Amino acid sequence: MKVLVPVKRVVDYNVKVRVKSDHTGVDIANVKMSMNPFDEIAVEEAVRLKEKGAAAEIVAVSCGVAQCQETLRTAMAIGADRGILVQSDAELQPLAVAKLLKALVDKEQPGLVVLGKQAIDDDANQTGQMLAALLDWPQATNASRVEVQGDRVQVTREVDGGLETLSLALPAVITTDLRLNEPRYVTLPNIMKAKKKPLDTVTPESLGVDVAPRLKTLKVAEPPSRAAGVIVPDVATLVDKLKNEAKVV
Ligand code: AMP
């Protein structure tokens, strides 16, 4: 079985992003970029499936600017066999990415697509679900355990108050939750090996996909900064402040 893993290049999770002065977005010039953490988990899970003999080939896909090649090389250093870059300088919103992935799924015919549950830049949590809808495939989101059994896959999800286990017919779409696994450390020999793995570049036009944005960002703003706290001398003062200043009791 072939597994397709979409990996997004995002601002590194350690970076404190700054809103641009014209409020049109966040400043990503000269900022460290990395693979979306949930996608690293998706690649790791695909590699584990391959190690268990449930997957034969892992194809990593990234949609975006030329530098997404670095993200694909990271995926290949974790263990993906090859990479596909859908190169575009346009702003790619979840629906456009889902359409690009659908076109690649039609071409590559994977048995499983494993995406992150959400990208930490747009926090959309939409691409996997949209892809499953476009393909009309079964989907299981926020997976915390994945087990392939013959022509089905069992997916456990953490839901309010417990665990839910779904059994999906393959081919299927899965999105990963944080607790699915802990991605392996990428070693230098594997980084070197990844440089030699095949990386194809295609364009949205060659896949016949119109990636024009459907949504318009009106304004991006910092959350209001919190007012400093005060230490109250006793309970009576606290109650007085809650009643008369905060007016919450
Ligand atoms: P989102 O719906 O934007 O929160 O993204 C959910 C998941 O879709 C990510 O974790 C990735 O697996 C995949 N994805 C989103 N955008 C891209 C992209 N530009 N290239 C590759 N994969 C993507």
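The values are calculated or read from the model by the stated rules, or taken from the named source; none is laboratory data. No experiment lies behind these values; they were computed from the predicted model shown. Methodologically, a virtual Cβ is constructed for each residue, glycine included, from the backbone with ideal geometry; neighbour enumeration extends over all protein chains shown. Just so you know, the surface numbers come from the protein's heavy atoms only, side chains and all, with ligands and any DNA or RNA stripped out. Shrake-Rupley method; radii C 1.70, N 1.55, O 1.52, S 1.80 Å.
Let's see how each residue does on (1) under 17 Å from residue 2 (Cα atoms); (2) away from the ligand (no atom under 13 Å from the Cβ); (3) among the hydrophobic types (A, V, I, L, M, F, W, C):
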| position | (1), (2), (3) |
| --- | --- |
| 71 | no, no, no |
| 86 | no, no, yes |
| 96 | no, no, yes |
| 99 | no, no, no |
| 102 | yes, no, no |
| 109 | yes, yes, no |
| 113 | yes, no, yes |
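Once the range 20-59 is narrowed to residues that are in a strand (DSSP E or B) and modelled with pLDDT of 95 or more, the residue that is farthest from residue 225 (Cα to Cα) is 57.
Every listed requirement among (1) touching a helix residue (DSSP H, G or I) at 6+ places or on another chain (Cβ under 8 Å); (2) over 27 Å from residue 217 (Cβ atoms) is met by residue 161 save one, (1). Would you check if there is a residue in the range 64-75 being modelled with pLDDT of 95 or more and closer than 26 Å to residue 149 by Cβ? Within the range 64-75, one or more residues are modelled with pLDDT of 95 or more and closer than 26 Å to residue 149 by Cβ.
Looking at 55, 46, 60 in this structure, which one is within 10 Å of the ligand (Cβ to nearest atom), touching a residue at least 24 places away in the same chain (Cβ under 8 Å), closer than 27 Å to residue 137 by Cα and not polar (S, T, N, Q)?
Values: 55 fails: within 10 Å of the ligand (Cβ to nearest atom); 46 fails: within 10 Å of the ligand (Cβ to nearest atom).
One residue alone meets the criteria, 60.
Every residue, every condition in (1) within 21 Å of residue 64 (Cβ to Cβ); (2) at pLDDT below 95; (3) within 12 Å of the ligand (Cβ to nearest atom), yes or no:
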| position | (1), (2), (3) |
| --- | --- |
| 132 | no, no, yes |
| 141 | no, no, yes |
| 154 | no, no, no |
| 166 | no, no, no |
| 173 | yes, no, yes |
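Within the range 3-20, residues that are closer than 17 Å to residue 96 by Cα and among the basic types (Lys, Arg) have Cβ atoms under 9 Å from residues that are assigned to a strand (DSSP E or B) and more than 7 Å from the ligand (Cβ to nearest atom) in these pairs: 8/35; 9/33; 9/34; 9/35, counting only partners at least 6 apart in sequence or on another chain. In the condition set (1) under 17 Å from residue 178 (Cα atoms); (2) in contact (Cβ under 8 Å) with a residue 40 or more places away in the chain; (3) part of a loop (DSSP other than H, G, I, E, B), residue 124 is compliant with all but (2).
Could you tell me how many of the residues in the range 116-152 are within 16 Å of residue 170 (Cβ to Cβ) and open to solvent by less than 60 Å² (accessible area, probe 1.4 Å)? Residues flagged as within 16 Å of residue 170 (Cβ to Cβ) and open to solvent by less than 60 Å² (accessible area, probe 1.4 Å) within the range 116-152 amount to 10.
Can residue 100 be described as open to solvent by 40 Å² or more (accessible area, probe 1.4 Å) and under 23 Å from residue 133 (Cβ atoms)? No; evaluated as a whole, the condition is false for this residue. Within the range 81-91, the presence of at least one residue that is within 30 Å of residue 18 (Cα to Cα), in contact with a helix residue (DSSP H, G or I) (Cβ under 6 Å, 6 or more places away or on another chain) and part of a strand (DSSP E or B) is confirmed. Taken as a whole, the range 127-137 holds at least one residue that is farther than 20 Å from residue 81 by Cα, free of Cβ contacts under 8 Å to residues at least 40 places away in the same chain and not in a helix (DSSP H, G or I). Looking only at the range 158-210, residues that are part of a helix (DSSP H, G or I) and loosely packed, with under 12 Cβ neighbours inside 10 Å come to 3 in all.
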